[in-house]
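The values are calculated or read from the model by the stated rules, or taken from the named source; none is laboratory data. Everything numeric here is computed off the predicted structure, so don't read it as measured data. Cβ atoms come from the backbone with ideal geometry, glycine included; neighbour counts cover every protein chain shown. The protein model used for the area step is the full one, side chains on, heavy atoms only, and it has no ligands, DNA or RNA in it. Shrake-Rupley method; radii C 1.70, N 1.55, O 1.52, S 1.80 Å.
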Amino acid sequence: MSSALKARSESIPVESKVDAKKRAEIAAGIGRALASTYVLYHKTHGFHWNVTGPLFYSVHKLTDDQYQDLAEAVDDLAERIRALGEPAPMGLDGYLRDSVVEDVNDFPDVEGMVKQLARDHLAVADQMRDIVARADSAGDVYSADLLTARIGVHEEAAWMLNAIALK
Ligand SMILES: [Fe+2]
């Protein structure tokens with residue numbers, strides 16, 4: 001096999017004003033946010049499939065938009081970790097360990113679905129807030145900006161889900 005095919009890229013040297021040790025810490029934080037985003041993606045997709053009742057279309061459509069956004073976010077977070085020079089985390093075991101979103105094997109009724117997803121979105125936003133503060137103080141403005149934008153998306157998602165649950 002040619003050496004080109006055997007190449008593995010774990011850590012990549014990065015010349016940056018952001019201190020290398022802090023970059024690795026920020027990448028680890030983004031990795032935990034990625035884990036939560038991945039588990040929330042999976043749960044949102046499962047609820048999208050299993051929702052029933054008079055709110056079927058609203059919840060089915062909203063969760064469609066949301067799982068697609070979460071899938072794109074997973075990719076953006078992983079690629080930011082690579083740009084910081086670190087390997088992107090793999091393995092579902094690790095995702096489940098690092099996620100602030102609880103994995104579930106069953107689904108509640110529709111009210112339970114939207115309330116649970118809203119809580120999960122706000123938990124992910126809170127998890128990201130700590131990393132924004134760390135990235136900001138290290139001068140990693142792009143990571144801070146990326147996560148700040150994600151916090152906005154998660155808070156908006158929670159609003160929309162909670163609005164459905166109001167009676
Ligand atoms: Fe679908």
Quiz item: Quick one: length gained pulling F56 to W159 fully straight, 0.36 nm per residue minus the C-alpha distance?
Solution: 35.3 nm
Quiz item: What part of the accessible area of the stretch 17-165, given as a whole %, is carbon or sulfur when the probe is 1.4 angstrom?
Solution: 54
Quiz item: What's the angle, to the nearest 10 degrees (0 to 90), between helix 110-137's Cα axis and the longest principal axis of the chain?
Solution: 20
Quiz item: To the nearest 10 square angstrom, how much accessible area does L5 have with a 1.4 angstrom probe?
Solution: 130
Self-check item: On Cα atoms only, tilt of 56-83 relative to the major axis of the chain in degrees
Solution: 10
Exercise. Just reorder D93, D75, D120 by solvent-accessible area, largest first, 1.4 Å probe, all chains present.
Key: D93, D75, D120
Practice problem: Calculate the spin-label point distance for A28 paired with D130, positioning each point 7 Å from the Cα along the beta-carbon direction, and give it in nanometres. | Solution: 1.2
Practice problem: Go through A20, H42, W159 and say which Cα lies farthest out towards the positive end of the charge dipole of the chain; charges sit on Cβ, +1 for Lys and Arg, -1 for Asp and Glu. | Solution: A20
Quiz item: How big is the accessible area of Y41 in square angstrom, nearest 10, if you roll a 1.4 angstrom probe over the protein chains?
Solution: 60
Quiz item: So for the chain, what are the equivalent ellipsoid semi-axes in whole Å, largest first, each being the square root of 5 times an eigenvalue of the Cα gyration tensor?
Solution: 33, 19, 12
Exercise. Express in nm, to one decimal, how much length is gained between K21 and K115 on full extension, taking 0.36 nm for each residue of separation and deducting their alpha carbon distance.
Key: 30.0 nm
Quiz item: Ordered by residue, what ³J(HN,Hα) values in Hz, to whole numbers, does the stretch 10-22 give under the Karplus form 6.51 cos²θ - 1.76 cosθ + 1.60, where θ = phi - 60° and Gly and Pro are x?
Solution: 9, 6, 10, x, 10, 8, 8, 6, 7, 3, 4, 5, 5
Quiz item: Which value, in Å² and to the nearest 10, is the accessible area of K21 when all protein chains are kept and the probe is 1.4 Å?
Solution: 140
